[in-house]
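Read-outs throughout are calculated quantities, based only on the coordinates presented, and are distinct from any laboratory measurement. Note that the coordinates shown come from a computational prediction; the quantities given were computed from them, not determined experimentally. When we count neighbours, we look across all protein chains shown, and the Cβ atoms used for this are built from the backbone with ideal geometry, even at glycine.
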Amino acid sequence: MPMETRKAESVGSMSRARETSSDARLQAQQINTQSRADLKSGWQYPRRCVNPTVAVPGGECRGAGIIFFFFFFFPLNLFPYSFYFPVQENKTMCPLGEVEKKAAQLIGNYTRDHPLFLQLKDYFWVKTPSPYELPYGTKGSEDVLLRLLSITHYSLPESIQSLKCRRCAVVGNGHRLRNSSMGETINTYDVVIRLNNAPVHGYEQDVGSKTTMRLFYPESAHFNPRTENNPDTLLVLVPFKPMDFQWMEAILNDKKRVRKGFWRQPPLIWDANPERVRILNPYYMEVTAAKLLNLPMKQPRKVKQKPTTGLLAITLALHFCDLVHIAGFGYPDSANKKQTIHYYEQITLKSMAASEHNVSHEAVAIKRMLELGLVKNLTYF
């Protein structure tokens, strides 16, 4: 082959190699530029890529070949950016200490020193008995309470107790949860607190399926403790009167049922595991009534007002959680007589007329919490 021909071919090969290398570098830079744009737009890499370092936007996992391409053709000064992937932002950040600071502005003498649940050892050799009767204290109910506490527990699950940050959702029973599609969001919280007989089964899309605690009293215990809760759900009795202790003890010990002394007949059969039952410390009812609603601890029998279980649950969360969000709170406008008040039944605001709850007063307290940023509303109020 003539020397001129060999030289021409050699020059052509070198030119093609330079073009190939230039094209590869240009393609790599385009991919890198697209990757940076994706980072800014919050693009997420496909979950099916086991190794994120081989994921290409708009593509699948390419295996070892593409790794070789990156290592061989990428400019060294761009190499660090090629393996930088966005860390998914935690949308529900946990501001440790914020709840305590803001709660102290609303609740006088705010403290987290009181236990959530009553325990047996607190009622042996008590030197300073409770000054109040139920629902704000245990005065006069010590004997039946001792029997009840001997068969129930008071501890929190270790999975919750050990959390450095407790993100809590208090789920109300309000009509505004219907068709809200909040279920998936509610399930993401560490602690989900539910109220009374509000069902979960059949409403999961709107209210979720996770239940960490369910607050109830005998008249509101018309739910299946096993099917409407999780296996590890804590069933928290809110005692309003001594008969509530007697009913709970009779149920758990399978004794003769208590039928009188209730404004509504409570269940006679209630399939609950005693190990999951807790007795709420009346201290939190006292705080709710005295500090949030300014109710006197001693009221005339005919004029007694009590906090709702919902506001009580929020108060409990403010003494236990590092972040408190609420959903499904609030009642219809008083002029709307036909609007139902719960997401699961057809009763209207008219049914609240004879109750011992001042819902307008409670609405003011919740709005104040929202204004302070003490709680956040997931629905609307």
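In square nanometres and to one decimal, what's the mean projected area of the convex hull around the Cα atoms of the stretch 232-283?
Details: hull surface 15.8 nm².
Seen from a random direction, the Cα hull of the stretch 232-283 projects 3.9 nm² on average.
For Gln339 paired with Glu371, estimate the spin-label separation in nm (one decimal), with each label point 7 Å from Cα along the Cα-to-Cβ line.
In this crude label model, Gln339 to Glu371 measures out at 2.1 nm.
Taking neighbour counts of Cβ atoms within 10 Å as a proxy for exposure, in what order, fewest first, do Trp270, Trp263 appear? Write down the numbers at each step before the final one.
Details: Trp270 19, Trp263 12.
Exposure proxy ranking, most exposed first: Trp263, Trp270.
Rounded, prolate or oblate: which fits the stretch 145-277 when a ≥ b ≥ c are the square roots of the eigenvalues of the alpha-carbon gyration tensor, with rounded for a/c under 1.5 and prolate only if a/b beats b/c?
It comes out oblate by the Cα gyration axes.
At 7 Å along Cα-to-Cβ for each site, give me the label-to-label distance between Met297 and Arg147 in nm.
Between Met297 and Arg147, the simple spin-label model gives 2.8 nm.
State whether the stretch 229-330 is rounded, prolate or oblate according to the following rule on the C-alpha gyration tensor (a ≥ b ≥ c being the square roots of its eigenvalues): a/c under 1.5 gives rounded; otherwise a/b larger than b/c gives prolate, and the remaining case gives oblate.
oblate
Restricting to bridges with both residues inside the stretch 98-377, how much of the DSSP beta-bridge set is antiparallel, in percent to the nearest 5? All intermediate terms of the calculation are to be shown ahead of the outcome.
Details: 3 of 23 bridges.
Looking only at bridges with both residues in the stretch 98-377, the antiparallel portion is about 15 percent.
Can you tell me the length gained on complete extension of the stretch Lys121 to Lys139, counting 0.36 nm per residue apart and subtracting the Cα distance? Could you put the intermediate results ahead of the total?
Working: separation 18, 0.36 × 18 = 6.48 nm, distance 1.62 nm.
Additional length available on full extension: 4.9 nm.
Trypsin sites (Lys or Arg not before Pro) within the stretch 322-381: which are DSSP loop residues with at most 15 other Cβ atoms inside 10 Å? If you can, show how the numbers build up before the last one.
Numbers: sites: Lys337, Lys338, Lys350, Lys367, Arg368, Lys376; in loops: Lys337, Lys338.
Passing both the DSSP loop test and the Cβ count: Lys337, Lys338.
Which of the chymotrypsin sites (Phe, Trp or Tyr not before Pro) across the stretch 102-157 are loop residues per DSSP, with 11 or fewer other Cβ within 10 Å? Mind dumping the intermediate values first?
Working: sites: Tyr110, Phe117, Tyr123, Phe124, Trp125, Tyr132, Tyr136, Tyr154; in loops: Tyr110, Phe124, Trp125, Tyr132, Tyr136, Tyr154.
Loop-located and lightly packed - Phe124, Trp125.
Among residues other than Arg214 whose Cβ falls under 13 Å from its Cβ, what is the net charge (Lys/Arg +1, Asp/Glu -1)? Intermediate results must be reported in sequence, preceding the final value.
Details: positive: Arg194, Lys210, Arg226, Arg276, Arg278; negative: Glu228, Asp232.
It works out to a net charge of +3.
Please give the net charge around Cys165, taking every other residue with its beta carbon less than 10 angstrom from that of Cys165, where Lys and Arg add +1 and Asp and Glu add -1.
On the way: positive: Lys164, Arg166, Arg167; negative: Asp190, Asp322.
Computed value for this residue: +1.
Which number do you get for Rg(Cα) / (2.2 N^0.38 Å) in the stretch 91-182? If you can, show how the numbers build up before the last one.
Details: Rg = 18.0 Å, N = 92, 2.2 N^0.38 = 12.3 Å.
That ratio works out to 1.47.
Considering only DSSP states other than H, G, I, E and B, which trypsin sites (Lys or Arg not before Pro) in the stretch 275-330 qualify as loop sites with at most 10 other Cβ atoms within 10 Å? Let's see the in-between values first.
Values: sites: Arg276, Arg278, Lys291, Lys298, Arg301, Lys302, Lys304; in loops: Lys298, Lys304.
Listed in order of number, the matching sites are Lys298.
If I model a spin label at Gln105 and Val364 as a point 7 Å from the Cα along the Cα→Cβ vector, what separation in nanometres do I get?
Spacing of the two 7 Å Cα→Cβ label points: 1.9 nm.
Order by neighbour count: Arg259, Arg147, Arg264, fewest other Cβ atoms within 10 Å first, most last. Could the numbers behind the result be given before it?
Details: Arg259 12, Arg147 15, Arg264 8.
Neighbour counts put them in this order, fewest first: Arg264, Arg259, Arg147.
Can you sort Ile279, Ile193, Ile347 so the residue with the fewest Cβ neighbours within 10 Å comes first?
Values: Ile279 23, Ile193 26, Ile347 11.
With the fewest neighbours first, Ile279, Ile193, Ile347 line up as Ile347, Ile279, Ile193.
About the Cα centre of the stretch 232-293, how large is the charge dipole given +1 on each Lys and Arg Cβ and -1 on each Asp and Glu Cβ? Please answer in debye to the nearest 20.
The calculation lands at about 360 debye.
For a Förster distance of 45 Å, can you work out the FRET efficiency between the beta-carbons of Gln161 and Ile347, rounded to the nearest 0.05? If you can, show how the numbers build up before the last one.
Values: r = 37 Å, r/R0 = 0.83.
Efficiency for this residue pair is about 0.75.
Please state the shape class of the stretch 98-377: rounded when a/c is under 1.5, otherwise prolate if a/b exceeds b/c and oblate if not, all from the C-alpha gyration tensor. Kindly include the intermediate steps, with their values, before the conclusion.
Details: a/c = 1.23, a/b = 1.19, b/c = 1.04.
Since a/c stays below 1.5, the shape of the stretch 98-377 is classed as rounded.
Along the Cα-to-Cβ line of Asp254, 7 Å from the Cα, sits a label point; which residues in the stretch 150-177 have backbone N less than 18 Å from it?
Label zone hits: 151-152.
Longer than 22 Å from Cα to Cα, which of Lys241/Lys304; Lys306/Lys367; Lys255/Lys304; Lys102/Lys304 are they? Say none if no pair is. Walk me through the intermediate numbers first.
Details: Lys241/Lys304 13 Å; Lys306/Lys367 19 Å; Lys255/Lys304 31 Å; Lys102/Lys304 30 Å.
Distance filter (> 22 Å) returns Lys255/Lys304; Lys102/Lys304.
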